Amino acid sequence: MTQQQHRFDGQHVFVAGGSSGINLGIAVGFAEAGARLAILSRNQDKIDAALAAIRSAGDAAPLGFAADVRSADDVDAAIAAAHEAFGPIDVLVSGAAGNFPAFAKDLSPNGFKAVVDIDLIGSFNVLRAAFERLRKPGASVINISAPQALNPMVAQIHVCAAKAGVDMLTRVLAMEWGPLGIRVNSIVPGPIAETEGMRRLAPSPDARAAVAATVPLQRLGNVEDIAAAARLLSSPDAAYVTGAIVPVDGGWSLGGYASASAALATELARD
Ligand code: NAP
Ligand code: COA
């Protein structure tokens, strides 16, 4: 049987944190499937480069908004402008995040707060501002979580706390918004090659190879793996899936993740 990819022709896809890495891969994937894209992140140069990539993927006129997810007002203004241009949001992806490795004893209160503010409160700001502008019924909301939400990792207390909170946003909103025909799910990417997140947690090629060896499928993921999962979760094939926390990680969260955490502890202790 030939595999038929679901199309998103003319649909409005809004990606918070869509200017690089995994989230840009998701935006490009939806553009290739016919959607109209709006992205939001802080740095205008990164936004401009991302918009060029999205245009090359088939969306002639994507929108980009320079805003910090920590500003509820700025997020609201950006989403309102996207709604004005493209109409109701069919797919909302909330993936803006910050990360750096730091043991709890070395992390200032403001360092902890910075990550919680971006990942957790920023996600709330995005979800809350989008609610009135989501297509009802029919919208798919995807929060980008992380393995740190499911299992503890050393030097990641801020990220573990923030992303565990993000998964709880997913589950509560699936309950609140389900009756309106809005589905809300989390994707939990595993270790994804060529991303800022991996560069920060496994800076050397040796470290990345060691991580890949702990993945049951024996490779790092790529952004297309996550983009494909985002399209699947937003397609009619997932019409009865909501409130799910979906690892897309080659099986990493089954066990290999724990040894990657131990390796990170050893690496940081050497510094
Ligand atoms: P990335 O390229 O740094 O992506 C982060 C995006 O969020 C960028 O577009 C960034 O652009 C934006 N951003 C950061 N802070 C922001 C803020 N305060 N307001 C608005 N936008 C902000 O990193 P990535 O590694 O691809 O990670 C993407 C997502 O996947 C994150 O949610 C991360 O937690 C998750 N994840 C990554 C991995 C991995 O292996 N890389 C694994 C599991 C989960 P600006 O800096 O210009 O704002
Ligand atoms: N170790 C310990 N603390 C750190 C740190 C590190 N490597 N990097 C930043 N911090 C602390 C800062 O010292 C500061 O705390 P202080 O005021 O007590 O000194 C606090 O975190 C905020 O730092 P600041 O640089 O002002 O934050 P910002 O809002 O400009 O940037 C970050 C947010 C720190 C998360 C930054 O790394 C970022 O913008 N990341 C986005 C990209 C990214 O992380 N991608 C991967 C996603 S998985």
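Each label was represented as a point 7 Å from its Cα along the Cα-to-Cβ direction; for residue 196 and residue 136 these points are 3.3 nm apart. Surface calculation, 1.4 Å probe, protein heavy atoms: residue 32 sits at approximately 110 Å² accessible. Highest mean first, the peptides 164-174, 86-96, 203-213 sorted by other C-beta atoms within 10 Å per residue fall in the order 86-96, 164-174, 203-213. Taking every alpha-carbon pair in the chain and binning the separations at 10 Å intervals from zero gives 7, 31, 37, 20, 5, 0 percent. Label reach from residue 210 (point 7 Å along Cα→C-beta): in segment 234-265, amide nitrogens under 17 Å belong to 256-265.
Accessible surface of segment 12-270, 1.4 Å probe: 58 percent of it comes from carbon and sulfur atoms. Relative contact order for segment 87-146: 65 percent, from Cα pairs under 8 Å spaced at least 6 residues apart, divided by residue count. Distance between the 7 Å Cα→Cβ label points at residue 106 and residue 161: 1.8 nm. GNM remark for the chain: springs join alpha carbons under 10 Å apart, and the peak mean-square fluctuation among 225, 106, 68 falls on 106. Per residue, the solvent-accessible area of segment 12-270 (1.4 Å probe, heavy atoms of protein chains only, all protein chains present) comes to 43 Å².
The values are calculated or read from the model by the stated rules, or taken from the named source; none is laboratory data. Model, not experiment: these values are computed from the prediction. Using ideal geometry, Cβ is built from the backbone for each residue, glycine included, and neighbour counts are taken over all protein chains shown. Accessible surface is based on the protein model in full, side chains and every heavy atom, while ligands, DNA and RNA are left aside. Shrake-Rupley method; radii C 1.70, N 1.55, O 1.52, S 1.80 Å.
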